[in-house]
C-alpha cells in the first residue's frame, strides 16, 4: 500500500501542515511523534478508551483487594496483636499500593493489546530517527493517486525535511 510521508523536525511546522491538510480536505491517515501532542488528538479526532478502562481497573482493584484483605485479616486468620483491631489503617496503605500496581499493569497490557505491539511483530515502517526526534505525517493511498502534487506542495511550504512515497505492508 503506497503512502506519502512528510518528515518534520519541528512540531509547530508539523501542526501547521496538518492544519493546511484539514483546510483543503486532504485526509491525514496517521502521525508518528516521539512525544504526545494533545492538540493533535483533537485535530485528527482520535479518541481513546484507556482512561475509562483504567478507572474500571482501579474499581476492580479496590474491590478485590478490600475483599481479600478483609477475608485474610478478619475471617480466615485473625490475629490479636496488642489488642489492636483487625481492621486497621494498614488497609489503606495496602489498598493504595495494590490499586496503583494493578492499574499500571492492566493499563499497560491494554495499551499493548490495542496497538498490537508484541515482541515478535515485524515493523511495518521504519524511518531513521522516527522515535528520537522526527515527526512523520502519513497521507493515505487515495491522496497519492489523486492529489499528490498538492500534498507535496503543502509539505514543502510547511518545511518538511523529507518527502517520500513509501510502500507499507498491510495489517496482519
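Values in this text are rule-based calculations from the coordinates and carry no lab data. Quantities reported herein were computed from a predicted structural model and do not represent experimental measurements. Cβ sites come from the backbone with ideal geometry, for glycine too, and all protein chains shown count toward neighbours.
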May I ask for the angle, rounded to the nearest 10°, between helix 148-157 and the longest principal axis of the chain, with both axes built from Cα atoms and the value confined to 0 to 90°?
80 degrees
Computed from these coordinates, which is percent of Cα pairs over 29 Å apart: (i) 13; (ii) 44; (iii) 18?
(ii)
Using Cβ contacts closer than 10 Å as the measure, can you line up 163, 75, 18, 26 from fewest to most?
75, 163, 26, 18
List residues of region 1-45, by number, whose backbone nitrogen lies under 11 Å from a label position 7 Å along Cα→C-beta of residue 144.
1-5
Centre separation in Å (Cα based) which lies between region 96-172 and region 50-64:
28 Å
Please report the relative contact order for the chain, taking Cα pairs under 8 Å with a sequence separation of at least 6, and give it as a percent rounded to a whole number.
58 percent
So what is the 222 nm mean residue ellipticity for the chain from helices alone, if each DSSP H run of at least 4 adds -39500 (n - 2.57) and you divide by all residues, rounding to the nearest 500 deg cm²/dmol?
-15500 deg cm²/dmol
So the angle from the long Cα axis of helix 50-70 to the longest Cα principal axis of the chain, reported in degrees to the nearest 10, equals 10 degrees
Nearest 10 degrees is fine. How inclined is helix 11-23 to the longest principal axis of the chain, computing both from alpha carbons?
70 degrees
Would you mind ranking 136, 65 so that the residue whose beta carbon has the fewest other beta carbons within 10 Å leads the list?
65, 136
Given the Cα-Cα distance of residue 126 and residue 12 and 0.36 nm per residue of separation, how much length would full extension add, in nm?
38.8 nm
